[in-house]
Amino acid sequence: MHTTISPDGTTLAFDRSGDGPSVVLVGGAFGTRDHPSFVGLAQHLSEHVTVYSYDRRGRGDSTDTPPYAVEREIEDLAAVIDAAGGRAHAYGLSSGAGLVARAAAAGLPIDRLILHEPPYDVDGARPPLPADFAQLVAALVAEGRHGDAVEYFMTRGIGLPEEMIGSMRPTPVWAGLEALAPTLVYDNAVMGDNSLPADDLRAIEQPVLVLSGELSPSWFHRAAEATAAACPDARHLQLAGQSHFAPDDAAIAAAILEFLRP
């Protein structure tokens, strides 16, 4: 494990592996650098590039410094890129893709972006969230009801069936999810109202690859297509047999490496 310090004093923990051009991995909701999918992706990528996988603030071995603002998370990513040598490619999954897009639009030294299923709502294609979704998640977290916040986010935000959540609660995995509950407020802040951030996307001058999985809900494809169309230099790639909830690390790595090939 390595660490770097963000401008507001937050300690960010990251792993570094491989050799070659730098690629920073940015997780989405509930994502940490030791999540099996990120560990697998880093292993495949590190055969060809140098991978920097970090815990976003408030997660894993990283610390946190209130009050939260999306700008602080952009500064966090800048600190990791600085630790990677000052420039890097960036891969973001789900709300992590939203963070990468906002960081690139803000001018961070990112060479190429890979946005994996950014969860934007395009033309109402995404199942509607309750109008007070973000506020209720924040209220549950503030009340210390972390388990309820996780359940509400998963059922109403992600769309997982309640019976699945019921089967998860007695397992050791649930305690880890509850520990990450406060960061759900951060993911909601990054995504805002979940609409396509057309102005930010138009400001991204770097090459962009937008990924979606063939088996993911159809609204992810619409979001990916619209994201690619809004960027000046982007393309959308649909990965055969892939799902948002069960990604194939090897297939994702292959798509990323092909995109990064000189």
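A few remarks follow.
- Residue in region 67-78 that is touching a residue at least 12 places away in the same chain (Cβ under 8 Å) and within 15 Å of Arg16 (Cα to Cα) present: yes
- Candidates in region 92-120 are the residues that are more than 16 Å from Ala229 (Cα to Cα) and β-branched (Val, Ile, Thr); of these, the one that is nearest to the chain's Cα centre (by Cα) is Val100.
- The condition of being without any contact (Cβ under 8 Å) to a residue 60 or more places away in the chain and assigned by TED's automatic domain parsing to the domain that holds Val141 does not hold for Pro182.
- Residues of region 22-56 satisfying the condition of being in a loop (DSSP other than H, G, I, E, B) and within 20 Å of Pro118 (Cα to Cα): Gly27, Gly28, Ala29, Phe30, Gly31, Thr32, Arg33, His35, Asp55, Arg56
- Of the candidates Asp19, Asp8, Asp15, the single residue that is farther than 19 Å from Leu115 by Cβ and in a strand (DSSP E or B) is Asp15.
- For region 217-241, a residue qualifies if it is surrounded by fewer than 21 Cβ atoms within 10 Å (Cβ to Cβ) and closer than 21 Å to Phe38 by Cβ, and the qualifying residues are Leu237, Leu239, Gly241.
- Test: residue in region 97-107 that is in a strand (DSSP E or B) and surrounded by 15 or more Cβ atoms within 10 Å (Cβ to Cβ): no
- Pick from region 57-91, criterion in a strand (DSSP E or B) and of a type in the set (Gly, Ala, Ser), ranking: farthest from the chain's Cα centre (by Cα): Ala88
- Those helices (runs of 4 or more DSSP H) lying entirely in region 186-262 with at least 2 residues aromatic (Phe, Trp, Tyr) and under 18 Å from Gly98 (Cα atoms): 218-230
- Answer residue from region 32-62, given it is surrounded by fewer than 18 Cβ atoms within 10 Å (Cβ to Cβ) and in contact with a helix residue (DSSP H, G or I) (Cβ under 8 Å, 6 or more places away or on another chain) and is nearest to Thr10 (Cα to Cα) among those: Ser37
The values are calculated or read from the model by the stated rules, or taken from the named source; none is laboratory data. Worth saying up front: this structure is predicted, and the values here are computed from it rather than measured. Positions of Cβ are backbone-derived with ideal geometry, glycine not excepted, and every protein chain shown enters the neighbour counts.
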